Amino acid sequence: MGSAQDKERLDTIRARHGEASTDWRAIDSTGHGEQLTARLLPTQPAIALVTLTAECGYQDRNFLLHAHADILFLLCMLAEAFRKIRELQKLQDQPRPDLAKECGRICEDAQFKQFMLKKHGIPSEDRERFANSVRKVLAIESRSELNTHPAAARRWEALLGRFREWKDAP
């Protein structure tokens, strides 16, 4: 978020907003000009909070009339943004799988080798040649790209998904 002062100010704004009257309306009061009214409590009648003079432009009138609802809207948007930020931070704090290591491990699997032969025509007798062929299928130079390039990671996940489907097929 921001500094401790920003948090304190936001808490003050929330408290002020929560304590403020609601149901703001503009009414014409003969002899007094236009007044902004609000209810202090839902069970009480509205009372005049502000009298708008003839010099008050419609922009300021609308600003004052909608201030309470606008602040509520902004506080709700801010709360939702903070919720999403916390959610994303939790995701970032989770350890990411080492796809390069996983690829190396899966490439040693006999069933994966059989899958690559049947579906991609890649023989596995020569370990280095097999590894090069898998990298070629994934369009990468090095397995480490699986951890650093999202598109490469998606290609690996797709290949792994096809392998699992093939393996689980009757």
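Sorting the Cα pairs of region 99-168 by distance into bins of 5 Å, from 0 upward, gives 3, 18, 32, 28, 16, 4, 0 percent per bin.
Rounded to the nearest whole Hz, the Karplus-based 3J(HN,Hα) values (6.51 cos²θ - 1.76 cosθ + 1.60, θ = phi - 60°) of region 70-85 follow the sequence 5, 5, 4, 4, 5, 5, 5, 4, 5, 4, 5, 5, 4, 4, 5, 4, with x at glycine and proline. Each part gets one Cα centre, and for region 30-53 versus region 109-170 those centres are 72 Å apart. Here the chain is treated with +1 on each Lys and Arg Cβ and -1 on each Asp and Glu Cβ, and its dipole about the Cα centre works out to around 1060 debye. Between [x] 20; [y] 56; [z] 13, which entry matches percent of Cα pairs over 29 Å apart as derived from the coordinates of this structure? Evaluating percent of Cα pairs over 29 Å apart on these atoms matches [y].
Every number in this text was worked out from the coordinates using simple rules, so none of it is lab data. These numbers were taken from a predicted model, which means no experiment stands behind them. Cβ coordinates were reconstructed from backbone atoms using ideal geometry, including for glycine residues, and neighbour counts include every protein chain displayed.
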